[in-house]
Amino acid sequence: MNDAAVEKGKNTRLFFHLKKWLEKAVLDYNMIEAGDRVLIGVSGGADSFALLDLLDSRMIFVPKFEFIAVNIDMGFDPEYRACRALEQYFQDHRYPYVIEKTDIGPLSHSDFNRKNPCFLCSRLRRKRIFEIADEKGCNKIAFAHHRDDIIETLLINLFYGREISTMMPNQSIFGGKLHIIRPLAYLREELVKKYARERQFPAVKNECPTSENSRRSYIKKLLNDLEKDNPDIRHNIYTALSHVKSDYLMSKPKK
Ligand code: SF4
């Protein structure tokens, strides 16, 4: 880690609030153990910058670990402007990093896959991240999904996937060889975005043509509308995730 340089400017109330809850989530779900090598997914969005920045902070209770930042460029911009901005940021902070240029974006939007580009896109991107984790000897992959993403994913899976599930804060895959961790799991999107503005992370525009019309943006708008009548709706859904009454769910009828 890069203590002295990066701690500079990290002394606001918001920083301490977010770091406290990030540490709590990490400890509650045993996300990071001593000696871990964590591949941190940095898409260039505000949330991913916040994740990288917060993880590169002096932690009180989280054991020492190493990390590498990874960006998968989706190939939407032939001039790779986002890539260049990210590379500069990683170098300025002396972060170890991997930037991978791909054609996943255009491929996911090609004629044979018009119906649901996000499905193929996420699958291909995730596959490549798993491969990079393996190449770099990382046993954990940290994604910048926050509390609002977890709530929205529950509804996406319910509305479109016919199942009750969401993103887990610490998910074991490949028989425990790799873990996906979500250190922002307790943090509200609004505060993460506010922190990104406070820290003035370089804005990297999302060039994906689907980003404004995805299922996620539909669910986000829906929740915003419902919140006008029920301000607690997000909090209630999030709390319900730890309050599952399985006896009151339907089992499949026996044939
Ligand atoms: S919104 Fe665009 S970049 Fe994001 S998963 Fe969907 S297709 Fe991929």
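Within the group R58, R81, which residue is under 18 Å from F201 (Cα atoms), charged (D, E, K, R), surrounded by fewer than 18 Cβ atoms within 10 Å (Cβ to Cβ) and modelled with pLDDT under 95? I'd like the intermediate steps shown before the answer.
Details: R58 fails: under 18 Å from F201 (Cα atoms).
Exactly one of R58, R81 is under 18 Å from F201 (Cα atoms), charged (D, E, K, R), surrounded by fewer than 18 Cβ atoms within 10 Å (Cβ to Cβ) and modelled with pLDDT under 95, namely R81.
Can you pull out the residues in region 28-42 that are in a loop (DSSP other than H, G, I, E, B) and surrounded by fewer than 23 Cβ atoms within 10 Å (Cβ to Cβ)? Y29, N30, E33, A34, G35, D36 - these are the residues of region 28-42 that are in a loop (DSSP other than H, G, I, E, B) and surrounded by fewer than 23 Cβ atoms within 10 Å (Cβ to Cβ). Close Cβ contacts (under 9 Å, 6 or more residues apart or on different chains) running from residues in region 232-255 that are in contact (Cβ under 8 Å) with a residue 60 or more places away in the chain to residues that are among the charged types (D, E, K, R) and surrounded by 10 or more Cβ atoms within 10 Å (Cβ to Cβ) comprise R234/R147; R234/D148; R234/R188; R234/E227; Y238/R147; Y238/D148.
Right, K19: under 15 Å from V192 (Cβ atoms) and either charged (D, E, K, R) or more than 16 Å from the ligand (Cβ to nearest atom) (or both) or not?
Working: under 15 Å from V192 (Cβ atoms): yes; either charged (D, E, K, R) or more than 16 Å from the ligand (Cβ to nearest atom) (or both): yes.
Judged against the criteria, K19 is a match.
Pick from K205, K255, K221: which is over 28 Å from K20 (Cα atoms), within 16 Å of the ligand (Cβ to nearest atom), among the basic types (K, R) and at pLDDT below 95? So that I can check it myself, show each step before the final result.
Numbers: K255 fails: within 16 Å of the ligand (Cβ to nearest atom); K221 fails: at pLDDT below 95.
Within the list K205, K255, K221, the selection yields K205.
Of all residues in region 94-112, none that is among the β-branched types (V, I, T) and part of a loop (DSSP other than H, G, I, E, B) has its Cβ atom under 8 Å from the Cβ atom of a residue that is away from the ligand (no atom under 15 Å from the Cβ) and at pLDDT 95 or above, 6 or more apart or on another chain. Would a scan of region 150-158 turn up a residue that is free of Cβ contacts under 8 Å to residues at least 60 places away in the same chain, within 16 Å of the ligand (Cβ to nearest atom) and not β-branched (V, I, T)? The answer is yes, given that some residue of region 150-158 is free of Cβ contacts under 8 Å to residues at least 60 places away in the same chain, within 16 Å of the ligand (Cβ to nearest atom) and not β-branched (V, I, T). Within region 84-112, the set of residues being under 20 Å from the mean Cα position of the chain (by Cα), within 16 Å of P202 (Cα to Cα) and of a type in the set (D, E) comprises E87 only.
When K115 is tested against (1) in a helix (DSSP H, G or I); (2) within 16 Å of the ligand (Cβ to nearest atom), exactly one condition is not met: (1). Here S122 meets each of (1) away from the ligand (no atom under 16 Å from the Cβ); (2) in a helix (DSSP H, G or I); (3) over 18 Å from R199 (Cβ atoms) with one exception, condition (1). Restricting region 1-27 to residues that are within 14 Å of A50 (Cβ to Cβ) and not in a helix (DSSP H, G or I), the residue that is modelled with the lowest pLDDT is G9. Count of region 85-95 residues, restricted to those that are more than 13 Å from D73 (Cα to Cα) and either surrounded by 12 or more Cβ atoms within 10 Å (Cβ to Cβ) or of a type in the set (A, V, I, L, M, F, W, C) (or both), is 4.
Within region 227-246, does at least one residue satisfy the condition of being of a type in the set (D, E), assigned to a helix (DSSP H, G or I) and under 30 Å from I132 (Cβ atoms)? The answer is no, given that none of the residues of region 227-246 is of a type in the set (D, E), assigned to a helix (DSSP H, G or I) and under 30 Å from I132 (Cβ atoms).
Quick check on region 184-201. Is at least one of its residues within 16 Å of the ligand (Cβ to nearest atom), in contact with a helix residue (DSSP H, G or I) (Cβ under 6 Å, 6 or more places away or on another chain) and part of a loop (DSSP other than H, G, I, E, B)? No, the conditions are met nowhere in region 184-201.
For the structure I just gave you, tell me whether R128 is basic (K, R), exposed (fewer than 12 other Cβ atoms within 10 Å of the Cβ), in contact (Cβ under 8 Å) with a residue 40 or more places away in the chain and more than 10 Å from the ligand (Cβ to nearest atom). So R128 fails the test.
Kindly provide the set of residues from region 134-155 that are crowded, with 17+ Cβ neighbours inside 10 Å and more than 16 Å from the chain's Cα centre (by Cα), ordered by number.
At the first step, the residues of region 134-155 found to be crowded, with 17+ Cβ neighbours inside 10 Å are 138-155.
Those that are crowded, with 17+ Cβ neighbours inside 10 Å and more than 16 Å from the chain's Cα centre (by Cα): C138, N139, L155.
The values are calculated or read from the model by the stated rules, or taken from the named source; none is laboratory data. All values derive from a computational prediction rather than experimental measurement. FYI the Cβ positions are ideal-geometry reconstructions off the backbone, even for glycines, and counts take in every protein chain you see.
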